[in-house]
Every structure is written in C-alpha cells, then in structure tokens.
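Throughout, read-outs are computed from the coordinates displayed, never taken from laboratory work. Keep in mind that what you see is a predicted model, and the values were worked out from it rather than measured. When we count neighbours, we look across all protein chains shown, and the Cβ atoms used for this are built from the backbone with ideal geometry, even at glycine.
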Amino acid sequence: MKGYNTVYFLKEGVKSIFQRGFMSFAAVTVIIACLLISGSFALVAYNVNELIAEAEQQNELLAFVDETLSDTEALGLAGSIYAVSNVKSAEFVSADQAFVDYSEELGDDADLLEGLDGDALRHRYRILVNDLEQTEQTAEELEQIQGIAKVRYSYELADGIVTMRNIVNVITWLIGALLLVVSVFMISNTVKLATFDRREEIAIMKMVGATNMFIRWPFIVQGFLLGMMGGLVAFFAQWGIYTYAGKIILQYAPVFELIPFGSIAITMLVAFLVVGFIVGVLGGVTTIRRFMRV
Amino acid sequence: MVRFGNVYKNYPNGTRALKGVDIRIDDGEFVFLVGPSGSGKSTVIKLITAEEKATNGKILVNGYNVTSLRSSQIPKLRRTLGVVFQDFRLIENKTVYENVAFAMRVIGASSRRIKQRVPVILELVGLAHKAKRFPHELSGGEMQRVSIARALINNPQVILADEPTGNLDPVRSKEIMMLLEKINELGTTVIVVTHERDIVNSFSKRVVALDGGKVVSDATGGYYQV
C-alpha cells in the first residue's frame with residue numbers, strides 16, 4: 001500500500017467516525033461494556049482457577065498401610081502407588097510422624113492424645129493426583145494394591161471443585177462469545193450508517209475505477225479505530241474496577257486475596273486490543289459488501 | 001474504441017433492452033446516441049461501463065473484452081472511461097476542486113500529481129475561478145462542467161455523457177455541448193446519449209439512432225430523425 005493512500009484511508013476513517021459521532025460513541029460504549037463484562041468474568045474465572053489450583057494442592061488422598069506390613073514393606077509400596085496412572089506424588093508418612101502432625105493439628109486440645117503414641121496410628125501415604133475429576137477411580141485403584149488397607153479422601157470437595165471450575169469456565173466462554181457477537185453487530189451498524197451516508201460517493205468511486213479494496217479500506221479503518229478505542233478504554237476501566245473490587249474483597253473476606261492486576265495487565269491489554277481489533281475489522285468488512293455492487 | 005457485435009440484453013424482469021445491436025465507434029469520434037425513452041440508449045452505456053452484462057454478443061471497449069471481463073478487471077476498464085451524468089452526481093460537502101480531485105484520489109494518484117492536474121482541467125472547463133465553491137453555490141451549467149472535469153481528470157480514452165443537458169436550459173446546453181466538442185477536438189472519443197433533437201441537429205456529428213433495442217440508423221453528419 002502506498003504511503004499517501006494510507007494517510008487518505010486514515011483521514012477518511014477518522015472523518016467517518018466524527019460524521020456519525022453519536023453512533024460511533026454508542027459503538028465504542030457497547031464495546032467497552034462488552035469487554036468489561038467479558039473481562040470481569042475472565043478475571044473471576046482466572047482467580048477461581050487459581051483458588052482451585054491451590055485447593056487441588058490441598059485435596060490429598062490418604063492411603064493407609066496395612067498394620068501387618070513391616071516398615072520396610074510399607075516403604076516398598078511407593079512403587080505400586082506410583083504405578084497408578086493419575087498419581088502425581090506420593091509422600092510416605094510414618095505412624096510416628098502422623099502422630100506428631102495430628103498433635104500439632106489439635107493444638108491446645110493435644111492433651112486428648114495423652115497416653116497414646118505412634119502405635120495408635122498407621123503408616124500412610126499422602127497422595128496428590130493429576131486430574132481431580134478421576135479422584136474416585138484413582139482411590140479405587142489404590143485400594144486394589146496389596147498392603148493398602150484403606151483410602152480416604154473428600155469426594156464432595158473434589159467434586160465441588162471440579163463442578164465450580166467447569167461452571168465458571170463455561171459461563172465465561174458463553175458470555176464472552178455472546179458479547180463478541182453484540183460488539184460486532186454494533187460496529188457493523190455504525191459502519192453501515194457511514195456507508196449509507198456515502199453511497200453516492202461509493203457509486204462515483206466505482207464509476208471512476210476505484211478498486212473494491214480501495215473503497216473498503218476507510219470503512220475497515222473506521223471499524224478498526226472504533227474497536228481499538230473501545231479496547232483501550234475498557235482496559236483502563238477494567239483496571240480500576242478490579243483494583244477497587246480487590247480492596248472491597250480484602251476488607252470483607254480477607255481470605256480471598258485477588259491476584260494483583262499488575263501481574264496480568266499486559267495479557268489483559270493485549271487481549272482487549274486483539275478483541276477490539278477483531279470486532280472492529282470484522283464489523284467493517286461485513287457491512288460494506290452490498291454497497292459495492294455498482 | 002467501442003465495438004458492439006450482435007449484442008443482446010435481456011433484464012431479469014423480462015425486458016428485452018437490446019436485440020442484436022452492432023455499433024463501431026473509433027478513437028477520436030464524436031457520436032450522438034439518440035432514441036426515445038426505452039430504446040436501449042442507457043443500456044448501451046451500462047454495457048460499456050460493465051455495470052450490466054450482455055446476454056449475448058461481443059463488446060470491446062478500449063481493448064477490453066467486456067463480455068468476458070473478470071470483476072477484478074472492471075476498475076481498469078473504467079479508468080479508460082469518463083462518465084458524465086444528467087444529474088451531475090457531485091458530492092455536496094466537497095468543493096469543486098475536491099470533487100474533481102476525488103476522482104484522482106480514489107484510483108490511488110499521489111497528492112503531488114493531483115495538485116498538478118486538477119487546476120489544468122478546471123481551467124479547461126472554465127471553472128478555475130470557482131475551485132473553492134461548493135456544488136450548491138453553482139448554476140446547473142457549472143455543475144455539469146464540474147462533472148465533465150471529473151470525467152476528464154483521469155485522462156480517459158472515451159467520455160460517455162448520459163443526457164448531459166437534460167437538466168439545463170438551451171443556452172447552457174449549447175455551452176456544455178461545445179465543451180464536449182472541444183474535448184473531442186483534443187483527441188478524446190465522446191459519446192453523447194440524448195433525446196434532445198435540437199441539440200443533435202445543431203451539431204454536424206455522427207448520429208446512431210436506437211429504437212426498440214435495435215439500431216435504426218447510423219449516419220455521419222446525420223440528423224435526429226426518429
């Protein structure tokens with residue numbers, strides 16, 4: 001593309017935005033709203049996924065070793081445990097260590113264990129899994145191992161975590177897709193009005209030999225600029241809202257500390273600009289086709 | 001150069017606009033295309049500019065075989081043509097200069113080239129002094145001159161004028177025809193579609209008459225007799 005053509009396309013694109021100022025404003029506002037809603041859901045999903053990842057780390061299975069096994073035999077079970085495909089890690093905890101841990105857990109109530117020692121408990125393995133959804137199946141496989149007396153885990157917690165993650169992810173994608181379509185529609189309408197205003201110009205352009213691509217470019221630029229403007233403003237608005245929401249959450253539920261916006265700012269900015277670009281250009285391209293038939 | 005060889009044009013609504021038209025217009029000619037309403041004159045223009053496709057026959061325009069032209073080639077064909085409309089079709093929010101420059105701009109001409117060429121053409125059509133005026137500040141004759149300047153700006157081989165005097169009084173009409181004659185004398189082929197008998201008969205030019213979609217007469221220095 002020649003340099004002077006680029007300047008012309010930019011000038012015409014900007015001019016179109018101001019000629020239909022209200023529609024342009026409406027289009028940018030809708031893009032901002034759509035991006036903010038999608039972005040907020042994405043951030044919620046991201047935080048939830050982080051929380052889930054943390055919870056997954058804590059959602060361990062306890063595989064109790066048969067009391068009849070010697071210490072050496074109990075240690076030897078590690079190989080069989082690791083042979084189960086979904087096992088991520090398996091840490092051996094001796095009966096004595098388990099007793100100490102339990103005492104620490106009880107804290108001030110540790111005197112309840114008075115008169116007992118490590119022999120009261122069994123050797124065990126603390127097992128973490130790769131896929132939380134297969135926890136139940138993994139537990140069954142572990143129980144099949146000769147020397148494992150019992151496997152304990154919280155089915156409700158594992159199932160709850162998986163369900164919550166799936167719901168949040170599905171909602172995020174659905175809302176994102178829906179709002180993307182709405183944004184494209186808005187841009188498309190704005191560009192459509194601009195093309196309608198300029199249908200005579202387009203007819204003259206066609207008649208003097210302008211190529212379809214030359215005619216299209218200013219409208220594509222218009223959509224692109226609207227999309228980018230929406231993306232940029234939405235990013236800063238999202239930043240503000242997220243930071244404010246973080247403060248409120250910290251005030252009322254300090255246990256849920258949000259991931260700092262700074263750590264995801266670049267990703268969010270790129271995502272918003274890319275979505276703005278796609279929405280804008282798509283809106284521009286899809287609109288002008290019918291005005292080109294001269 | 002324009003050649004129509006046994007051209008037929010049927011519209012989807014069943015109208016048979018052209019029925020075996022043969023026309024040959026050589027470079028540098030001045031031709032009046034005349035006939036009553038519905039005779040097929042405008043269809044001939046639309047076929048030349050590739051706005052419509054012939055149902056049958058062969059059309060050659062400035063070296064382009066219009067009947068088998070790919071859509072990507074249409075802009076190239078149109079750059080060899082200049083079209084003047086009865087209703088001028090000027091852009092209201094552009095000045096005279098901008099209206100003319102626009103036709104250069106949209107085919108990718110540089111600003112430097114535009115600045116060189118537009119004043120020359122405005123001078124040729126006698127509107128150099130009104131370059132900064134908007135269309136609503138001009139008379140009908142002046143608007144048609146702007147339209148002619150725009151048609152001329154890309155140095156076309158053929159000027160197609162579709163009823164160029166239809167909205168003008170007899171004096172302005174004569175002026176416009178004289179301007180087109182002057183352009184023709186400078187080497188550009190001019191085809192004027194009209195049904196105004198007085199205009200045609202006051203210029204001793206070739207007259208191709210259409211009626212009912214057929215060429216009914218073709219005579220150099222002829223008169224409009226249909």
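Here are a few things to note about the model shown:
- Taking one quarter of the surface of the C-alpha convex hull of region B:89-133 gives a mean projected area of 3.1 nm².
- Descending semi-axes in whole angstrom, ellipsoid equivalent of region B:120-226, from the Cα gyration tensor: 27, 15, 12
- In this simple spin-label approximation, B:Tyr8 and B:Arg70 carry label points 7 Å from Cα along the Cα→Cβ vector, and these lie 2.8 nm apart.
- Ranked by how many other beta carbons lie within 10 Å on average, peptides A:167-173, B:153-159, A:245-251, A:42-48 from highest: B:153-159, A:42-48, A:167-173, A:245-251
- One compactness figure for region A:149-294 is 1.57, namely its Cα radius of gyration divided by 2.2 N^0.38 Å.
- Take each residue of peptide B:103-116, count the partner chain Cβ atoms within 10 Å of its Cβ, and average: the result is 4.
- The listed peptides B:117-126, A:92-101, ordered by packing as a protection proxy, come out as B:117-126, A:92-101 (highest mean of other Cβ atoms within 10 Å first).
- Here is how the number arises for the protein assembly as shown: DSSP H runs of 4 or more residues each give -39500 (n - 2.57), the sum is divided by the residue count, and the result at 222 nm is -17500 deg cm²/dmol.
- Long-range amide H partners of B:Lys214 with built H, under 5 Å: B:Lys19
- Scaled against 2.2 N^0.38 Å for its residue count N, the alpha carbon radius of gyration of region B:89-164 is 1.00.
- Legend: mean number of C-beta atoms from other chains within 10 angstrom of residue C-beta atoms, peptide B:43-54, equals 1.
- Cβ-based net charge around A:Gly13, under 13 Å, with every Lys or Arg adding one and every Asp or Glu removing one: +4
- Direction-averaged projected area, Cα convex hull, region A:13-102: 10.8 nm², rounded to one decimal.
- Per residue of peptide A:205-218, the mean number of Cβ atoms on other chains within 10 Å of the residue Cβ is 6.
- Contact order relative to length of chain A, as percent, for alpha carbon pairs under 8 angstrom and 6 or more apart: 28 percent
- The HN-Hα couplings worked out from phi for region B:203-211 by the Karplus form 6.51 cos²θ - 1.76 cosθ + 1.60 (θ = phi - 60°) are 10, 8, 10, 6, 10, 9, 9, 10, 7 Hz, whole numbers, x standing for Gly and Pro.
- Among the listed pairs B:Lys41/B:Lys94; A:Lys15/A:Lys206; A:Lys11/A:Lys206; A:Lys206/B:Lys94, a Cα-Cα separation exceeding 24 Å is found for B:Lys41/B:Lys94.
- A straight Cα-to-Cα reach below 28 Å connects A:Lys150 with the lysines A:Lys88, residues fewer than 8 places away in its own chain not being considered.
- Close amide H contacts of B:Gly57 (hydrogens built in the peptide plane, cut-off under 5 Å, sequence separation of 5 or more or a different chain): B:Tyr8.
- Annotation: amide H of A:Gly209 has no partner in the under-5 Å range at sequence separation 5 or more or interchain, hydrogens built in the peptide plane.
- Helix B:140-152 and the longest principal axis of the C-alpha atoms of chain B enclose an angle of approximately 80°.
- Axial C-alpha extent at least 30 Å, average Kyte-Doolittle at least 0.5 - helices from chain A (DSSP): A:21-58, A:155-197, A:212-252, A:265-287
- With N as its number of residues, chain B has a Cα radius of gyration that, divided by 2.2 N^0.38 Å, comes to 1.00.
- Cα gyration tensor of the protein assembly as shown - equivalent ellipsoid semi-axes, whole Å, descending: 83, 26, 16
- Note that region B:116-131 has calculated 3J(HN,Hα) couplings of 6, 7, 4, x, 5, 5, 5, 5, 4, 8, x, 10, 4, 7, 10, 4 Hz, one per residue in order, obtained from phi through the Karplus relation 6.51 cos²θ - 1.76 cosθ + 1.60 (θ = phi - 60°); glycine and proline are x.
- Helix B:96-105 vs. chain B, principal-axis angle (Cα, 0 to 90°, nearest 10): 60 degrees
- Local net charge near B:Gln86, Cβ-Cβ under 15 Å (Lys/Arg +1, Asp/Glu -1): 0
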